[in-house]
Amino acid sequence: MTIKKNNFFNLVYQVVRLIPKGRVSTYGAVAAYLGAKSGARTVGYAMNASHTVPNVPAHRVVNRLGLLTGKNHFESPQKMQKLLENEGVRVINDKVVDFEAIFWDPSEELCL
DNA sequence: CAGCTGACAAAGA
DNA sequence: ATCTTTGCCAGCT
């Protein structure tokens with residue numbers, strides 16, 4: 001499988017899929033894990049294409065401020081928050097509560 | 001064919 | 001301290 005698209009996108013999908021339930025990650029964290037610390041933008045763009053890939057919980061990926069910036073790109077903006085709340089993540093005003101507490105960093109969780 | 005845009009982030013002024 | 005500009009990769013116009 002494998003890899004059907006370019007590595008960068010695929011790597012992003014892989015990492016996002018590894019995000020545990022009830023946790024959230026950031027574009028920058030994934031980008032940094034992939035080696036593109038400044039490529040957070042690219043990660044976000046990969047999420048945009050995540051619709052083409054199954055099992056990619058893009059709702060668990062937010063910006064470094066914990067804001068659900070990408071909710072607007074979901075099937076429904078409320079779907080993202082709904083999914084997060086369904087997993088135990090509290091979202092208020094489109095922002096993740098205790099974001100730092102539930103923040104999941106691949107560089108530390110996987111590489112530790 | 002060439003340039004712009006886009007779910008971000010960090011550094012420079 | 002706040003605001004502005006550049007970097008990133010891929011997909012579109």
**Asked** Put +1 on the Cβ of every Lys and Arg and -1 on every Asp and Glu Cβ in chain A; which of A:Asn55, A:Leu65, A:Val96 then has its Cα farthest towards the positive end of the dipole?
**Response** A:Asn55
**Item:** Exposure proxy ranking, count of Cβ atoms within 10 Å, fewest first, for A:Leu18, A:Leu11, A:Leu110
**Value:** A:Leu110, A:Leu18, A:Leu11
**Complete:** Least to most buried among A:His73, A:His59, by other C-beta atoms within 10 Å and fewest first, runs A:His73, A:His59
**Prompt:** Taking Cα pairs under 8 Å and at least six residues apart, what relative contact order does chain A come out at, in percent?
**Reply:** 29 percent
**Item:** Sorted largest first, extent of the stretch A:7-109 alpha carbons per principal axis (Å)
**Value:** 33, 28, 20
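All of the numbers you see were taken from the coordinates with simple rules; none came from a lab. Note that the structure is predicted; figures quoted are calculated from it, not measured. All Cβ positions, glycine included, derive from the backbone under ideal geometry; neighbour counts span all protein chains shown.
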